[in-house]
1. Going by the structure shown, is residue 160 in a loop (DSSP other than H, G, I, E, B), under 22 Å from the mean Cα position of the chain (by Cα) and either within 30 Å of residue 20 (Cβ to Cβ) or not aromatic (Phe, Trp, Tyr) (or both)?
2. Can you tell me which residue among 183, 126 is at pLDDT 90 or above and open to solvent by 10 Å² or more (accessible area, probe 1.4 Å)?
3. Need pairs with beta-carbon distance below 9 Å; first residue over 13 Å from residue 49 (Cβ atoms) and open to solvent by less than 50 Å² (accessible area, probe 1.4 Å) and within the stretch 92-107, second of a type outside the set (A, V, I, L, M, F, W, C) and in a helix (DSSP H, G or I); sequence gap 6+ or separate chains.
4. Which one of the conditions (1) under 16 Å from the mean Cα position of the chain (by Cα); (2) of a type outside the set (Val, Ile, Thr); (3) surrounded by 22 or more Cβ atoms within 10 Å (Cβ to Cβ) does residue 63 fail to meet, given that it meets all the rest?
5. Check 15, 87 and return the single one that is under 22 Å from residue 159 (Cβ atoms) and surrounded by fewer than 20 Cβ atoms within 10 Å (Cβ to Cβ).
6. Tell me, which residue of the stretch 165-174 that is open to solvent by less than 10 Å² (accessible area, probe 1.4 Å) and in a strand (DSSP E or B) is nearest to residue 197 (Cα to Cα)?
7. Quick check: anything in the stretch 1-12 within 30 Å of residue 158 (Cβ to Cβ), surrounded by 18 or more Cβ atoms within 10 Å (Cβ to Cβ), touching a helix residue (DSSP H, G or I) at 6+ places or on another chain (Cβ under 9 Å) and modelled with pLDDT under 90?
8. Within the stretch 201-219, track down each residue that is open to solvent by 50 Å² or more (accessible area, probe 1.4 Å) and on the phi < 0 side of the Ramachandran plot.
Amino acid sequence: MAGAKEKLFERFSEERVKTALRDTPVVMVNGPRQCGKTTLVRRFVEDDRAYITLDDDTQLEAARGDPAGFMRGVERAVIDEVQRAPELLRAIKRAVDEDRRPGRFLLTGSANVLTLPQVAESLAGRMEIVSLLPLSLEQQPCALQMIAGPGAPKTWELFSEEVVVGRAIDADIPVNSTDLSRRHMMLKRTGPGQYTVLDLESRNGVYLNGVRVHSAVLHDGDNLQLGTVMFVFHEGRGAAPPTPVPP
């Protein structure tokens with residue numbers, strides 16, 4: 001099960017980076033050493049996106065000695081361990097100011113790189129940060145546990161921004177009960193570790209702790225009732241065995 005959870009979390013982290021690259025010129029994956037930054041960003045190396053690591057002494061010396069020359073002609077690149085050559089950030093800024101296409105540079109940096117003044121001065125408004133923690137720290141997903149209904153008890157860990165619950169087989173959480181509409185409710189991420197429940201104009205409504213709601217922020221231990229189907233929302237943990245919702 002641990003291996004399956006790691007693979008699912010890797011897909012979740014990869015999707016976060018993909019989303020950022022679609023609309024931002026520079027994306028930095030930030031986190032402590034040994035948290036999987038390099039493994040993650042190497043998946044984005046392509047024919048037109050080179051991989052440069054500043055763990056290589058030759059590359060590091062070139063980047064520190066002539067940052068502008070180092071970046072000259074680099075259209076798109078993954079630059080690993082950029083905190084080792086903060087001088088490079090101004091050169092990246094100049095390259096982005098000349099060409100603001102999204103997804104040009106994917107950087108990795110250690111946890112303290114964000115304290116460098118060069119980051120705020122050079123890349124403000126040009127960079128999105130994806131923070132990555134070790135799996136044991138960051139993978140504390142919220143969960144939805146079905147305690148009454150077809151197949152109960154059953155638990156789904158929540159990784160997606162939006163999770164639809166309904167009778168439809170293509171719902172993120174499909175529940176084969178006629179008490180549910182095809183698309184009955186949505187759980188929408190509205191903050192770190194926080195979800196809001198939305199009634200999707202269902203037939204039988206959504207009841208939160210016995211009160212019918214159209215939209216409400218969920219808290220740990222809240223009960224959700226959809227007809228005869230009942231769920232419990234958990235903040236940052238789930239009962240075993242989990243059934244992960246793919247991102």
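1. So residue 160 passes the test.
2. 183
3. Going by the 9 Å Cβ cut-off, the qualifying pairs are 92/67; 92/122.
4. Checking residue 63 against (1) under 16 Å from the mean Cα position of the chain (by Cα); (2) of a type outside the set (Val, Ile, Thr); (3) surrounded by 22 or more Cβ atoms within 10 Å (Cβ to Cβ), the one that fails is (1).
5. Exactly one of 15, 87 is under 22 Å from residue 159 (Cβ atoms) and surrounded by fewer than 20 Cβ atoms within 10 Å (Cβ to Cβ), namely 15.
6. 165
7. Looking through the stretch 1-12, at least one residue is within 30 Å of residue 158 (Cβ to Cβ), surrounded by 18 or more Cβ atoms within 10 Å (Cβ to Cβ), touching a helix residue (DSSP H, G or I) at 6+ places or on another chain (Cβ under 9 Å) and modelled with pLDDT under 90.
8. 203, 204, 207, 211, 212, 214, 215, 217, 219
The values are calculated or read from the model by the stated rules, or taken from the named source; none is laboratory data. Just so it is clear, the model here is predicted, and its values are computed rather than measured. Heads up, the Cβs are rebuilt from the backbone with ideal geometry, glycines too, and the neighbour counts pull from every protein chain shown. Keep in mind that these areas ignore ligands, DNA and RNA; they rest on the heavy atoms of the full protein, side chains included. Shrake-Rupley method; radii C 1.70, N 1.55, O 1.52, S 1.80 Å.
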